[in-house]
Amino acid sequence: MAAKYELVLLFGRDCEKTAREAVFGKITDWFGQAGATVEKKEDMGVKSLVYEIGSKREAAFWRFFVKAQRGLVADSLNTMLNREPLVMRYLLLAQ
């Protein structure tokens, strides 16, 4: 049975498109190596934050919809995203 996931990412409002696309490439590569595919990438726009994150009051929200043939073990994805300075916050949800 296929597993579906949703990954939500927050970037600083001033994050350049080329830098953001490089992060997207790393994420897509990680899912590919894990046997999953990114079905859709959605720009949710810039939103005000309820609390400051790193002295920033706004963030650009992005959402990835992912499909895998089996469940994912996301330890290495968590490590990669935690080390990525452009990603303010992230959330990986199983659907």
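The values are calculated or read from the model by the stated rules, or taken from the named source; none is laboratory data. Note that the coordinates shown come from a computational prediction; the quantities given were computed from them, not determined experimentally. Here the Cβ is made from the backbone with ideal geometry for all residues, glycine too, and neighbour counts use every protein chain on show.
If you check VAL87 against the conditions, is it over 25 Å from ALA2 (Cβ atoms), at pLDDT 95 or above, surrounded by 11 or more Cβ atoms within 10 Å (Cβ to Cβ) and more than 11 Å from the chain's Cα centre (by Cα)? Show your work before the answer.
Values: over 25 Å from ALA2 (Cβ atoms): yes; at pLDDT 95 or above: yes; surrounded by 11 or more Cβ atoms within 10 Å (Cβ to Cβ): yes; more than 11 Å from the chain's Cα centre (by Cα): no.
Here the answer is no, as VAL87 does not meet what is asked.
If you take the residues of segment 27-60 that are surrounded by fewer than 13 Cβ atoms within 10 Å (Cβ to Cβ) and in a helix (DSSP H, G or I), which of them is farthest from the chain's Cα centre (by Cα)?
Looking at the filtered set, the residue picked out is GLN33.
Looking at (1) assigned to a strand (DSSP E or B); (2) farther than 18 Å from MET88 by Cα; (3) of a type in the set (A, V, I, L, M), which is the one condition that is false for LEU72?
(1)
Give the residues of segment 61-77 that are farther than 13 Å from TYR5 by Cβ and either at pLDDT 95 or above or under 11 Å from the mean Cα position of the chain (by Cα) (or both), sorted by residue number. Show your work before the answer.
Taking segment 61-77 and keeping what is farther than 13 Å from TYR5 by Cβ, we get 61-62, 75-76.
Matches in segment 61-77: PHE61, TRP62.
Hey, can you tell me all the residues within segment 75-95 that are more than 13 Å from PHE11 (Cα to Cα) and not in a helix (DSSP H, G or I)?
LEU92, LEU93, ALA94, GLN95
If we scan segment 2-10, do we find a residue that is of a type in the set (A, V, I, L, M, F, W, C) and in a loop (DSSP other than H, G, I, E, B)? Walk me through it before giving the result.
Restricting attention to segment 2-10, the residues satisfying the condition of being of a type in the set (A, V, I, L, M, F, W, C) are 2-3, 7-10.
Now drop any that are not in a loop (DSSP other than H, G, I, E, B), which leaves 2.
Looking for residues that are of a type in the set (A, V, I, L, M, F, W, C) and in a loop (DSSP other than H, G, I, E, B), one finds at least one in segment 2-10, hence yes.
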